[in-house]
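One structure is given here, and the rest of the page talks about it.
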Amino acid sequence: MPDFKDKVVLVTGGATGIGLATANAFGRCGARLVIAGRRRDEGEKAVAALAGTGAGARFIATDVTRPDELESLHRTILETYGRLDVAFNNAGYQEPRAPLAEQDSALYDRVFDTNVKSVYLSLQHQIRIMTQQGGGAIVVNASVSGMRNPNPGLALYSASKAAVLSLTRSAAMEYAQDGVRINAVAPGRVVTDMMLSSKIMDMGAVAAGLPLRRMGRPEEVAEAVLWLASDAASFVVGHVLCTDGGFMAL
């Protein structure tokens, strides 16, 4: 088990799904957690659940599409803890499934503001903090959809995740020499509320199409995030770790 004792760790979108599973995993490893998300009720519930396991966590209500709230989030972390050791930029949005010609510019803005602009702004804040303190680790939640689009009707989501991957690699190359390691995870068919909302009708057929013949669990992605953020991955920079049940090998 990686050791994050007394490390300050931020997880955006940390109240549900992959974010919550990752927050739980960091908490078990001794991290001082900050969970950020839009819905306060979910965030406070997550913090209470973590407290029940002995993990310390704080929830900061944050809409990642708002630059002022992202700035406030990172300023509060720095004022409260004096540092930020690990960040998992996990918050994301997937549009309702529809052909490209039926989608509108407002939906485009929502997808790209949530999935790309928020990562861009978060990386800026996190890199500034980490370079000043001498280093840190950042993991971005991308998707196999950004590498190979398996989802007709989700063109905006796939395009946004391709942008996230390019942004992650570029930032990784620019700041590796400053001790800031930046990597990404690319989940595949993982059962979360967002995936279920895409209205996949036959989960058995989807699972049967994967080499492992099953869907993934948020906890399995969390383990990949922890490894990338840990000292065990000290020589890993600009990498995209696919947690996809073998989808990208097909």
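State whether the residues of the stretch 6-14 include one that is in a loop (DSSP other than H, G, I, E, B), within 20 Å of Leu121 (Cα to Cα), touching a residue at least 40 places away in the same chain (Cβ under 8 Å) and of a type in the set (D, E, K, R). No, that holds for no residue. So is Gly188 under 18 Å from Val139 (Cβ atoms), surrounded by 15 or more Cβ atoms within 10 Å (Cβ to Cβ), modelled with pLDDT under 95 and in contact with a helix residue (DSSP H, G or I) (Cβ under 7 Å, 6 or more places away or on another chain) or not? For Gly188, the condition - under 18 Å from Val139 (Cβ atoms), surrounded by 15 or more Cβ atoms within 10 Å (Cβ to Cβ), modelled with pLDDT under 95 and in contact with a helix residue (DSSP H, G or I) (Cβ under 7 Å, 6 or more places away or on another chain) - is met. Of all the residues in the stretch 215-228, those that are assigned to a helix (DSSP H, G or I) and in contact with a helix residue (DSSP H, G or I) (Cβ under 8 Å, 6 or more places away or on another chain) number 8. Quick one: would you say Tyr157 is outside any loop (DSSP other than H, G, I, E, B), of a type in the set (Ser, Thr, Tyr), within 19 Å of the chain's Cα centre (by Cα) and more than 27 Å from Leu210 (Cβ to Cβ)? Answer is no for this residue. Looking across the stretch 140-154, just one residue is among the β-branched types (Val, Ile, Thr) and outside any helix (DSSP H, G or I), and that is Val140.
Just wondering, is there one or more residues in the stretch 92-100 that are over 18 Å from Ile18 (Cα atoms) and part of a helix (DSSP H, G or I)? Yes: the stretch 92-100 contains one or more residues that are over 18 Å from Ile18 (Cα atoms) and part of a helix (DSSP H, G or I).
From the list Asp63, Asp113, the lone residue that is of a type in the set (D, E, K, R), part of a helix (DSSP H, G or I) and surrounded by 14 or more Cβ atoms within 10 Å (Cβ to Cβ) is Asp113.
The values are calculated or read from the model by the stated rules, or taken from the named source; none is laboratory data. Everything numeric here is computed off the predicted structure, so don't read it as measured data. Cβ atoms come from the backbone with ideal geometry, glycine included; neighbour counts cover every protein chain shown.
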